[in-house]
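One structure is given below, encoded as C-alpha cells.
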C-alpha cells in the first residue's frame with residue numbers, strides 16, 4: 001500500500017463516501033487491477049507517479065478485482081486493467097489496458113488541472129515590491145518577521161520598505177540593531193547608503209535652482225553635489241555619478257572629499273555587478289591615481 005496522501009484502497013464499504021461523494025470536490029481516478037494481471041502491474045506505478053506529481057489534482061482509488069468482486073461487477077468491468085475517472089459523482093472518462101504515460105496525461109488533463117506551487121512568502125513580497133505595491137509587500141514581510149524575528153534578511157527588507165514609505169526613524173533603528181558583522185553585508189550597506197541619501201533630500205533645494213546655478217557656473221561645487229543627490233534619489237545613477245566625477249575634477253577636497261565618499265556609498269548601494277558602477281569605479285580610480 002502506498003504512503004502517498006493521494007492514493008487509497010477503494011472497497012464496497014468506502015466507495016460511496018470516498019469516491020462518489022468525494023469526487024464533487026476532487027476528481028477520483030479508479031484503477032481496477034488484480035495481482036495476476038501483468039498489464040495492471042505495468043500501469044499501476046505510472047498512475048501512482050502521476051497522482052503524486054499532480055499533487056492532489058486527483059485522488060487515485062485502487063480496486064483489487066479479486067478482493068472486491070461485488071464492487072468490480074457494479075462498475076461494469078469486463079477486462080483488466082480498467083481505469084475510470086469520476087468527477088462530481090459521474091464517470092467522465094477512462095480507458096482499458098496499460099496506456100503510455102503521455103496518453104494517460106491526455107485523459108487527465110482534459111479534466112484536471114495541476115495545482116501550481118504556492119508562491120514562497122519571500123518571493124511574493126519581492127514580487128509585490130517590484131510591482132510597486134509597497135504596502136502589500138510590507139504586510140507579507142511583517143508577518144514573516146513575526147514568525148521568525150531572527151531572519152536578518154527579512155528584517156533588512158522591512159527597513160528598506162519603511163525607508164521607502166518615509167519612516168526613516170524605524171529604518172535607522174533596524175539598521176542599528178543589526179550585529180556588527182551583518183552591517184558589513186551588501187544589503188545592509190545598501191540600506192545605510194539609501195538612508196543617508198534620503199535624509200539629505202529633506203534639505204535639498206529644487207532641481208531647477210541647481211540647474212540654473214550650473215548654467216551660470218558649470219564648476220559650482222555645491223550645485224554639482226546637490227544635483228547629484230537629487231539624481232541618486234530619482235535612481236538616475238549614471239547622471240549622479242557623472243556629476244560627482246565632475247565635482248572631483250573641480251575640487252576633489254570639497255567638503256572633506258564628499259564627491260568620492262558619495263560615489264563609494266553609491267557603489268555600495270548598487271553593487272559591483274551594476275554596469276554603471278564598473279564604469280565609474282574605473283573613472284574614480286583614474287582620477288585618484
Yes or no: residue 184 assigned by TED's automatic domain parsing to the domain that holds residue 159 and either more than 37 Å from the chain's Cα centre (by Cα) or surrounded by fewer than 19 Cβ atoms within 10 Å (Cβ to Cβ) (or both)? yes
Test set (1) without any contact (Cβ under 8 Å) to a residue 40 or more places away in the chain; (2) surrounded by fewer than 16 Cβ atoms within 10 Å (Cβ to Cβ); (3) under 26 Å from the mean Cα position of the chain (by Cα) - residue 162 fails condition number: (2)
Hey, among the residues in the stretch 114-148 that are surrounded by 10 or more Cβ atoms within 10 Å (Cβ to Cβ) and within 30 Å of residue 91 (Cβ to Cβ), which one's modelled with the lowest pLDDT? 115
Out of 175, 204, sole residue that is in contact with a helix residue (DSSP H, G or I) (Cβ under 7 Å, 6 or more places away or on another chain) and assigned to a helix (DSSP H, G or I): 175
Would you mind stating whether residue 230 is in contact with a helix residue (DSSP H, G or I) (Cβ under 9 Å, 6 or more places away or on another chain) and over 30 Å from residue 248 (Cβ atoms)? no
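To keep it simple, each residue is scored yes or no on (1) within 19 Å of residue 208 (Cβ to Cβ); (2) under 37 Å from the mean Cα position of the chain (by Cα); (3) in contact (Cβ under 8 Å) with a residue 24 or more places away in the chain.
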| residue | (1), (2), (3) |
| --- | --- |
| 234 | yes, yes, no |
| 239 | yes, yes, no |
| 243 | yes, yes, no |
| 248 | no, no, yes |
| 254 | no, no, yes |
| 260 | no, yes, yes |
| 267 | no, yes, no |
Could you check residue 272 against (1) surrounded by fewer than 20 Cβ atoms within 10 Å (Cβ to Cβ); (2) part of a helix (DSSP H, G or I); (3) at pLDDT below 90 and say which number it fails? (2)
Given the residues 210, 214, which is the only one that is in contact with a helix residue (DSSP H, G or I) (Cβ under 8 Å, 6 or more places away or on another chain), assigned to a helix (DSSP H, G or I), modelled with pLDDT of 90 or more and crowded, with 20+ Cβ neighbours inside 10 Å? 210
Residue pairs meeting the criteria (Cβ under 7 Å; at least 6 apart or on separate chains; first in the same structural domain as residue 58 (by TED's automatic domain parsing) and modelled with pLDDT under 90, in the stretch 84-110; second in a helix (DSSP H, G or I) and surrounded by 15 or more Cβ atoms within 10 Å (Cβ to Cβ)): 101/46
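The values are calculated or read from the model by the stated rules, or taken from the named source; none is laboratory data. Predicted model only: the values in this text are computed from it and were never measured. All Cβ positions, even for glycine, are placed from backbone atoms using ideal geometry, and neighbour counts span all protein chains on display.
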